[in-house]
Amino acid sequence: MKKRIGLMILTVLVAIAAVVFLLRSSGRQAGVLGGPIAVFHKADSPNSTTATGSQSPLKESHHGSHHSADPTHATHSTTTGASKDSAGNPQQAELSPAAGAAQEDKAEDGGLSEEERAIQAIRCKVRGKITRDDKPAAGVKILLHDAFEAGEFTSTISDGQGTFRFDGLGHGTYVVTAQLKQAFAKGALARCDAEEKEIPVELEILKAGVRVTGTVSDHDGNPLAGAQLSIGRQDHPKDIRSKSLLPVPPDGRYEIWVPDGDLEYLVTAYAPGHQAELGTVPKNQSEVVLDFRLTRLNVVRGEVVGPKGLVVGIKVRARHQHPDGTAGSFFDMSDARGRFEIEFGDGKITLSAWSPTEGWAFKPLPPHRAGEDVERVLLELKPGRTITGTMRLQDGSRVPMAEVHFYCDAASFSGTVQADNQGDFAITQLPPGLVIHACPWHDKRPFTERYTEIPPEQNTLELVLHPLEE
């Protein structure tokens, strides 16, 4: 029943790549003002990362070179609460010293562009409400955590009206989750992408009849600092937006509850510097035990070079093939000096990078055993071919500003492009001679039916969008 998330078959690899795009889209959520307040400060770094299976529970691993994430960052994940003073008033959750230091370091970084500085200056608010049986739920602990980075959970308590709030969120995507006993609530994504944006969130407490217990530890059975659990279904892309994310207690033992019935739930265990693992909660069960033993990840470090020199802010992907034949994907963004750092499990990896302006790169590396790091890898970007196309609905009408996801399995990279007001799009700098797959996003069809294969000799494409139901 248990298997590794970062080591999965190709279809799951594609699904994981899809999450990166899906998380860029904010879901339709209603919310309210007022309620307890917690302040959350996130220092976004141009070289921060997320890695598949390592830390970012919601998407493919984005490993951080200097702190891990859905990939693997080395920050400690703890839960901090917004407590109340003697008068019963909510207190703000203060910025942690580590986060403050990180922000100061980044403020002194002269390598950031004006646009990057503007992004780092963005601050948003979450205004939410939690209900049970359509009635406000008071006294519920609400957690907020970065969707892609390792780090601390910020928490607050819903007030008598079931409302809660978080202030001071930096640019990025966050998971809002309720921490409950003998109950379950889907999580919600909050996307902070504009200054002073107010993000509405609604959470609903559901009955839960399945008790899931177990442990999260390293290979020797020791508890892992910063371990987390992601809970949800994965049978449809939009379910990615409603995963719950919870911290694992310091002793490594956990207890969670999920709804019973005909739905199958997936539980994913993450910890900084370790490969994530996936466990399945079968249908029609009342008690399930899932023990996770996470394997330490290796690290590969290198630089990305383009026609004009070192390339900053480009996604470098590591496709990982485990000795047992399964595969997964991790990635990092090159920093201000063009450097990247990615964590991966034992086995073979293939590094790749793609930029719509700089080009593409592809470099397979020999197999490595657990604990064997790789240093000084150089990725050189080369110019590539362009595929142009149009996005239409089933009735033939064009879809303005539609988004297209594409991937190249042979070169192990993927990306998204946006169509113009006429529904026309262009995917540039693709490797010549390799097959590309593309699909429309916000499409209700299963992953296997959404993608169109584009052979090397074809450079035009028409995609049909089957919109998601509201």
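The values are calculated or read from the model by the stated rules, or taken from the named source; none is laboratory data. Keep in mind that what you see is a predicted model, and the values were worked out from it rather than measured. Here Cβ is always computed from backbone atoms with ideal geometry, including for glycine, and neighbour counts include all displayed protein chains.
May I ask you to list the residues in the range 287-317 that are in contact with a Ser or Thr (Cβ under 7 Å, 6 or more places away or on another chain), of a type in the set (A, V, I, L, M) and part of a strand (DSSP E or B)?
VAL289, VAL304, VAL316 - these are the residues of the range 287-317 that are in contact with a Ser or Thr (Cβ under 7 Å, 6 or more places away or on another chain), of a type in the set (A, V, I, L, M) and part of a strand (DSSP E or B).
Name the single residue, out of those in the range 223-262 being small (Gly, Ala, Ser) and in a loop (DSSP other than H, G, I, E, B), that is modelled with the lowest pLDDT.
Among those that are small (Gly, Ala, Ser) and in a loop (DSSP other than H, G, I, E, B), it is GLY261.
Going residue by residue through the range 115-125, is there one that turns out to be under 30 Å from VAL311 (Cα atoms), buried (at least 17 other Cβ atoms within 10 Å of the Cβ), of a type in the set (A, V, I, L, M, F, W, C) and touching a Gly at 6+ places or on another chain (Cβ under 7 Å)?
Yes.
Matching residues to (1) closer than 22 Å to VAL377 by Cβ; (2) touching a residue at least 24 places away in the same chain (Cβ under 8 Å); (3) not acidic (Asp, Glu):
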position: ASP291; (1), (2), (3): no, yes, no
position: ARG301; (1), (2), (3): yes, yes, yes
position: ASP324; (1), (2), (3): no, yes, no
position: ASP332; (1), (2), (3): yes, yes, no
position: ALA336; (1), (2), (3): yes, yes, yes
position: ILE342; (1), (2), (3): yes, yes, yes
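If the Cβ limit is 9 Å and pairs must be 6+ apart or interchain, which residue in the range 192-214 that is not assigned by TED's automatic domain parsing to the domain that holds ALA121 pairs with which residue that is part of a strand (DSSP E or B) and polar (S, T, N, Q)?
Within 9 Å, no pair qualifies.
Filter the range 263-286 down to the residues that are farther than 19 Å from ALA147 by Cα and not in a strand (DSSP E or B), then identify the one that is modelled with the lowest pLDDT.
That would be LEU263.
Filter the range 155-173 for residues that are among the hydrophobic types (A, V, I, L, M, F, W, C) and crowded, with 22+ Cβ neighbours inside 10 Å; which is nearest to the chain's Cα centre (by Cα)?
This residue is LEU169.
Among the residues of the range 358-377, are any part of a loop (DSSP other than H, G, I, E, B), buried (at least 16 other Cβ atoms within 10 Å of the Cβ) and of a type outside the set (Asp, Glu)?
Looking for residues that are part of a loop (DSSP other than H, G, I, E, B), buried (at least 16 other Cβ atoms within 10 Å of the Cβ) and of a type outside the set (Asp, Glu), one finds none in the range 358-377, hence no.
Any idea which of (1) more than 16 Å from the chain's Cα centre (by Cα); (2) closer than 26 Å to ARG385 by Cβ; (3) buried (at least 21 other Cβ atoms within 10 Å of the Cβ) is the one THR350 doesn't satisfy?
(3)
Considering only the range 171-211, give the strands (runs of 3 or more DSSP E) lying wholly within it that have at least 3 residues that are closer than 13 Å to ILE142 by Cβ.
Per the criteria, 172-179, 198-207.
Which condition number in (1) in the same structural domain as ALA225 (by TED's automatic domain parsing); (2) farther than 30 Å from HIS466 by Cα; (3) surrounded by 15 or more Cβ atoms within 10 Å (Cβ to Cβ) is the one that SER242 fails?
With respect to (1) in the same structural domain as ALA225 (by TED's automatic domain parsing); (2) farther than 30 Å from HIS466 by Cα; (3) surrounded by 15 or more Cβ atoms within 10 Å (Cβ to Cβ), SER242 is out only on (2).
Answer with yes or no whether LEU180 is on the phi < 0 side of the Ramachandran plot and over 22 Å from the mean Cα position of the chain (by Cα).
Working: on the phi < 0 side of the Ramachandran plot: yes; over 22 Å from the mean Cα position of the chain (by Cα): yes.
So LEU180 passes the test.
Yes/no per residue for (1) in contact (Cβ under 8 Å) with a residue 12 or more places away in the chain; (2) in contact with a helix residue (DSSP H, G or I) (Cβ under 8 Å, 6 or more places away or on another chain); (3) surrounded by fewer than 21 Cβ atoms within 10 Å (Cβ to Cβ); (4) not in a strand (DSSP E or B):
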residue: THR416; (1), (2), (3), (4): yes, yes, yes, no
residue: GLN422; (1), (2), (3), (4): yes, no, yes, yes
residue: PHE425; (1), (2), (3), (4): yes, no, no, no
residue: THR428; (1), (2), (3), (4): yes, no, yes, no
residue: GLY433; (1), (2), (3), (4): yes, no, yes, yes
residue: GLN458; (1), (2), (3), (4): yes, no, yes, yes
residue: LEU463; (1), (2), (3), (4): yes, no, no, no
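With the structure loaded, tell me whether GLY139 is out of contact with any helix residue (DSSP H, G or I) (no Cβ under 7 Å at 6 or more places or on another chain), surrounded by fewer than 24 Cβ atoms within 10 Å (Cβ to Cβ) and either closer than 26 Å to ALA271 by Cβ or without any contact (Cβ under 8 Å) to a residue 40 or more places away in the chain (or both) or whether it fails that test. Break it down into steps so the answer makes sense when it comes.
Details: out of contact with any helix residue (DSSP H, G or I) (no Cβ under 7 Å at 6 or more places or on another chain): yes; surrounded by fewer than 24 Cβ atoms within 10 Å (Cβ to Cβ): yes; either closer than 26 Å to ALA271 by Cβ or without any contact (Cβ under 8 Å) to a residue 40 or more places away in the chain (or both): yes.
So GLY139 fits the description; yes.
Would you be able to tell me the number of residues in the range 138-151 that are within 16 Å of the chain's Cα centre (by Cα), over 13 Å from LEU169 (Cβ atoms) and not small (Gly, Ala, Ser)?
Residues meeting the conditions: 1.
Just checking, how many residues over the range 378-414 are part of a loop (DSSP other than H, G, I, E, B), touching a strand residue (DSSP E or B) at 6+ places or on another chain (Cβ under 7 Å) and farther than 30 Å from PHE344 by Cβ?
4
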